[in-house]
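K.L.:
Pasting a structure below so you can have a look.
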Amino acid sequence: MDRRSFLKNTGWSFLGLAASGSLLGACAAGSKDAKKIMPSASDLKMYWGDLHNHCNITYGHGDMRDAFEAAKEQLDFVSVTPHAMWPDIPGADDPRLKWVIDYHTGAFKRLREGNYDKYIAMTKEYNKEGEFLTFTGYECHSMAHGDHVALWHDIDVPLVECTSVQEWKEKLKNEKVFITPHHMGYQGGYRGYNWDCFTEGDQTPFVEMYSRHGLAESDQGDYNYLHDMGPRQWEGTVQYGLDRGNKFGIMCSTDQHSGYPGSYGDGRIGVLAPSLTRDAIWDALKSRHVCGATGDKIKIDFRLNDAFMGDVVRGNSRRIYVNVEGESCIDYIDIVKNGQCIARLNGPLTPIMPEGDTVHCKVKVDFGWNREEKYVHWLGKLAVDKGRIVSVTPCFRGAAFTSPQEGETEFHTHVNRILSTNEKETELDMYSSKNPNVTTPAMQAVILELEMPKDGVLTAEFNGKKFEHTLGELLEGSRSHFMIGWLSEAILFNRAMPESCYTVEHFMEDKEPQKDTDYYYVRVRQRDQQWAWMTALGQCGVNWVEDEHIKLDTEEACDAFMKIHDMIYKDHLSPAGLGADDHFNTFISQSETAANVKTVVSMTGPWKYTVAKEVLGDNLGIGTVPQIYGDKKCVPAGGHTFGVSSKVTDEKKIAGIAAFMKYTYQPDVLLNWADSGQAPVHLATMEVVKANPEKYPVAAVNYTIFDDAMILPAIYNIREQVKYVNETVWSMVVQTENLSRDDLMAELKNATDIATELSEM
């Protein structure tokens, strides 16, 4: 299928707003005071998946096992999706459609004669909680209602039959299942979406706006519908549904038919969730905390007042916050309200050469082209001689198939892989094919996030050939090389993109409602939180606060961080190289035989108790943080409080607040909080917990460490001040084997400088 080039990848994030009350002049740059109260997202992470794609389990190409293997290489979760039914299949009297009818009905029959059982078994096989999640899903075509995918929470679920999509919804309304429309923009009555059938709520919290079929944002713009099912039209599009007042999130999937879930450029869903667990991902999906991207994993942090993407809130004054991290230079970011662009943020036309010697940047390296029809097998490595590789992001494509064609032969999936990665090199095993036309790419690629000096050299060594360029050269522009001369396969070193190119942060205020229900979303076009370090500082007696900001650029603080590092890489008390939530996920990811256990202890917070209990059951034990560093006990701690403004003077409101407080501070109510792993500071509740320690184990342990608790310093903007430590310094400490004190001290200096600046805002 011919399509627009994906030279510029795009992403979308939607947030709905319920309000009352024109606009363009009402939106202005936000004040610093207003920005200070934006909520933090530091306990959430973007996980990426593909919830709608196909292989030869029904009709399509590629073995199902290869599909799962391909998904593991670049996704966090997947649903490999069989076609299951078409209750109103047309064409019984139309000879043109006989092959289409026979092809589909034959596939449906094979699914019911054994392939569905095989599908469930393999979905179970590949599901690894905390590592890679698989979901059961299957598709129902409909001329009248549009095509839908039923995505289940559980894996071993029945194949539910129906005579229509509406009947399907009714049958499944009490099940944990999402029913999601896709390729929505086709003509009504011809598998385009019928918005009259949309039901708001948990069953359809989001819709699929983009896939290989094209973009259904509106009836104009990028990525036209070019499939033989016809063009797109207005009544099936997302904006049409939003204009009708419907509330839903937007996502993307590949709808790819060559057994390659997550195929780069064909659509992916991003889910903002606290962890890679089935329940966490499911809850985030249900809450519409989702975004969509064509290819690159563009991180979109989009908030309105205290709400995250997908939330519905009320308020006449709206604080709008957008923070985007792309994988290449950002062309522009649109903030859309009610179908109109109220702000466009432009990236640089040409990247500006960054100052200084050491540069943090991203470099995409493409492999492909070629005039010959045969596949090119790329085996080799990318390496740097100075600095380090921070991360490697795969951009792997499957073959460009979207629908079956009469006479088409079965296609075998070539799975691309990252064989290994460290700070100096990454080994790759990939297969590229000839680009089928001048608008549809078939290259393979990876994006390297680098931190290195300008005179450092990036080398590509593949298939007996070696090419290299300094980072300084790549900051000036792209460089390409044929492998065996003109018209042969080639390697492209894309222009190196400094942080200023791929990161954008913007804050504005919209003070005037436009209609009863205003909707906002963001469209981007391109060009963790770990607290163990606080334990180390506290137990080592390090004073890490100066005036109104944190101060970590001291020898004592550096010593404390190095003790954490040495416990991993010298004492081997923890698996090496783990970051973000990986320690906890490794802790709970164990087999029944304990053969795969890599760590038996996880130092974490009580909020993780429920998840750990669900996985480990009676094998879970709870204890206090041990004395592991200095001369005194210390456990990082925090709390949740109720606050009432002194400006509340209305007696009815005061009486209502008092009644709420009276209700809340009852043991029967607060014990629910204790049951989740917290420790309510309420004498009567504490007595119940102490009398029933086995029933409330985390709360009982927490009550024993109050005297050793170290609370976050009571200084302005503290959580933002420590963000750089949590995200950058901590990652360096736990993931860099040959960490030097000089390198660590430099990052601690950066953390201190950032905190100082934040304290002065």
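K.L.:
Given the pairs LYS613/LYS690; LYS128/LYS613; LYS109/LYS176; LYS364/LYS466; LYS608/LYS723, which are separated by over 23 angstrom at their Cα positions?
P.N.:
LYS109/LYS176
K.L.:
To the nearest 0.05, how large is the calculated FRET efficiency for SER488 and LYS424 if R₀ is 30 Å and r is the Cβ-Cβ distance?
P.N.:
With a Förster radius of 30 Å, E is 0.55.
K.L.:
Only residues of segment 479-496 count here: report those whose backbone N is under 19 Å from the spot 7 Å along Cα→Cβ of THR350, or say none.
P.N.:
479-480, 494-496
K.L.:
Sorted by packing (mean other beta-carbon atoms within 10 Å per residue), highest first, where do 481-492, 139-150, 86-97 land?
P.N.:
Put in order of decreasing packing, that is 139-150, 481-492, 86-97.
K.L.:
As a test of the formula, what do you get for the chain when each DSSP H run with n ≥ 4 contributes -39,500 (n - 2.57) and the sum is divided by the residue count, at 222 nm and rounded to the nearest 500 deg cm²/dmol?
P.N.:
Per the formula, -6500 deg cm²/dmol.
K.L.:
Now, a different point. Kindly provide the chymotrypsin sites (Phe, Trp or Tyr not before Pro) of segment 611-702 that DSSP labels as loop, not H, G, I, E or B, and whose Cβ sees at most 16 other Cβ atoms within 10 Å.
P.N.:
Sites meeting the loop and neighbour criteria: PHE642, TYR665.
K.L.:
Would you calculate the volume per residue, in Å³, of the smallest convex hull containing every Cα atom of segment 264-311?
P.N.:
80 Å³
K.L.:
Above 47 Å lies some portion of the pair distances; for the chain, what is it as a whole percent of all C-alpha pairs?
P.N.:
23 percent
K.L.:
Looking at segment 714-747, which chymotrypsin sites (Phe, Trp or Tyr not before Pro) are DSSP coil and have at most 16 other C-beta atoms within 10 Å of their C-beta?
P.N.:
Those satisfying the criteria are TYR716.
K.L.:
A further question follows. Rounded to whole Å and sorted largest first, what semi-axes of the equivalent ellipsoid does the C-alpha gyration tensor of segment 162-316 yield via the square root of 5 times each eigenvalue?
P.N.:
23, 20, 17
K.L.:
Still on this model: Can you tell me the FRET efficiency between ALA746 and GLN166 if r is taken as the Cβ-Cβ distance and R0 is 56 Å, rounded to the nearest 0.05?
P.N.:
0.35
K.L.:
At 7 Å along the Cα-to-beta-carbon direction for both ASP154 and ALA714, put a label point, then send me their distance in nm to one decimal.
P.N.:
5.0 nm
K.L.:
Still on this structure, please answer the following. Using a 7 Å offset from the Cα along the Cα-to-Cβ direction at both ASN692 and TYR190, what is the distance between the two label points in nm, to one decimal?
P.N.:
6.4 nm
K.L.:
Moving to a separate point now. Ranked highest first by the average count of other Cβ atoms within 10 Å around their residues, in what order do 105-118, 356-369 fall?
P.N.:
Per-residue mean Cβ counts within 10 Å order the peptides as 356-369, 105-118.
K.L.:
Rounded to the nearest 0.05, what FRET efficiency do LYS511 and ARG314 give with R0 = 22 Å and r taken as the Cβ-Cβ distance? Could you check?
P.N.:
E between LYS511 and ARG314, to the nearest 0.05, is 0.90.
K.L.:
Also, I was wondering about something else. Please get the size of the charge dipole for the chain, origin at its Cα centre, with Cβ charges of +1 on Lys and Arg and -1 on Asp and Glu, quoted in debye to the nearest 20.
P.N.:
That gives the chain a dipole magnitude of about 920 debye.
K.L.:
Go ahead and collect, in residue order, the members of segment 404-439 whose backbone nitrogen is under 20 Å from a label point 7 Å along the Cα-Cβ direction of GLU125.
P.N.:
Flagged as within label range: 411-417.
None of the figures in this text is laboratory data; all of them are computed from the coordinates on show. Keep in mind that what you see is a predicted model, and the values were worked out from it rather than measured. Cβ coordinates were reconstructed from backbone atoms using ideal geometry, including for glycine residues, and neighbour counts include every protein chain displayed.
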